[in-house]
1. Which distance in nm do the two modelled labels at Val28 and Leu236 give, with both placed 7 Å along the Cα-to-Cβ direction?
2. Find, among the GluC sites (Glu not before Pro) in the stretch 1-65, those assigned to loop by DSSP (not H, G, I, E, B) with at most 15 other beta-carbon atoms within 10 angstrom.
3. At what distance in nm do the modelled label points of Val21 and Glu186 sit from each other, each positioned 7 Å from its Cα along Cα→Cβ?
4. Roughly speaking, what is the centre-to-centre gap between the stretch 227-294 and the stretch 9-66 when only Cα atoms are used, to the nearest Å?
5. What angle, in degrees between 0 and 90 and rounded to the nearest 10, separates the Cα long axis of helix 58-70 from the longest principal axis of the Cα atoms of the chain?
6. Sticking to Cα atoms, compute the Rg of the chain to one decimal and its Dmax as the biggest Cα-Cα distance, whole number, in Å.
7. Accessible area per residue, 1.4 Å probe, Å², for the stretch 78-176: what's the number?
8. Taking 8 Å as the Cα distance limit and 6 or more residues as the minimum spacing, I'd like the relative contact order of the chain as a percentage.
Amino acid sequence: MYFPKYRLRRLRRNETLRRLVRETRLAVDDLIYPLFAVPGLSVRHPVPSMPGVFQLSVDELVQEALEAKALGIPAILLFGIPEAKDEVGSGAYARDGIVQRAVQEVKSRVSDLLVITDVCLCEYTSHGHCGVLRGGEVENDATLELLARTALSHARAGADVVAPSDMMDGRVAAIRDTLDENGFSELPIMAYAAKYASGFYGPFRDAAQSTPQFGDRRSHQMDPANSDEALREIRLDIEEGADIVMVKPALAYLDVITRARLEFDLPLAAYSVSGEYAMIKAAAERGWLDEPRIMMEVLTAIKRAGADMIITYYAKDAARALNR
Ligand SMILES: [Zn+2]
């Protein structure tokens, strides 16, 4: 059937019709809100390159978690900036580490909010790399044990889900084994499965103070040019025991999200990273973009590409818009 009998514009004539035929529906249930915990009391330190994002002391972080919960956001994702850093990132797996304290407080003060913890060493190492170094290189196998210890300490603190973001080979299996051996066989792993070495992480490194002191992360994070390899990464993480897999970043990698969606049937997360957020914020500040509209368009696009859940610094704003 062709024009003039067939007219696609018929179903776009008004919002009620458009609502009826809409294919993708973003929901508050899809949102995960990332938060940064720092030592201290009543600390609410703005991250300059991410307007609206703060480094929060645990007491302030609890308030933020309560607010997220009140808006209906199902989960937060915790990062920590420790008091002190060292060569082996001990703060990452310290029983009273910053994330461990934040998890305990949030779990005891906020009910029915999932606490997901980021598992990596780069915020905790003095050199800012994601693992232990040997000869200036991140040593894969020696790092696995520390990552597993970190995940276990988060589990003991009460985390609902652990999310390894380091991109070491074999880390999901190492974490799964350690959790299972220690009575946490029910605890899910959300694996940063296809994580790219991306320039879009720039503002995050301000927030998490995790910029490598030398070199970069291209030896373990993925080359932005590859997507077949992303499927291999995801497949391996699933075989190692991941319960949820993630593509990161989101906006410049929608094709990877779609390929992952078509290839695998696990819940799929996408991380709309700091640079994606900062680009919109900066353009909106100059009056070049309509921020609320772009926010929803981008989040809807990530969902349309195939993501089941979206980690976004816009989680509260998006939840407010969706609740309206
Ligand atoms: Zn890292």
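1. 4.0
2. Numbers: sites: Glu15, Glu23, Glu60, Glu64; in loops: Glu23.
Of the GluC sites (Glu not before Pro), the ones in loops of the stretch 1-65 whose Cβ has at most 15 other Cβ atoms within 10 Å are Glu23.
3. 4.7
4. Answer, in whole Å: 16.
5. 30
6. Reported Rg and Dmax, both Å: 20.0, 71.
7. Values: 3500 Å² over 99 residues.
That works out to 35 Å² per residue.
8. On the way: 641 pairs, mean separation 58.3, N = 324.
Rounded, it is 18 percent for the chain.
The values are calculated or read from the model by the stated rules, or taken from the named source; none is laboratory data. Since the structure is predicted, the reported quantities are computational estimates derived from the model, not experimental observations. Methodologically, a virtual Cβ is constructed for each residue, glycine included, from the backbone with ideal geometry; neighbour enumeration extends over all protein chains shown. Side chains are part of the model used for accessible areas, which takes the heavy atoms of the whole protein and leaves out ligands, DNA and RNA. Shrake-Rupley method; radii C 1.70, N 1.55, O 1.52, S 1.80 Å.
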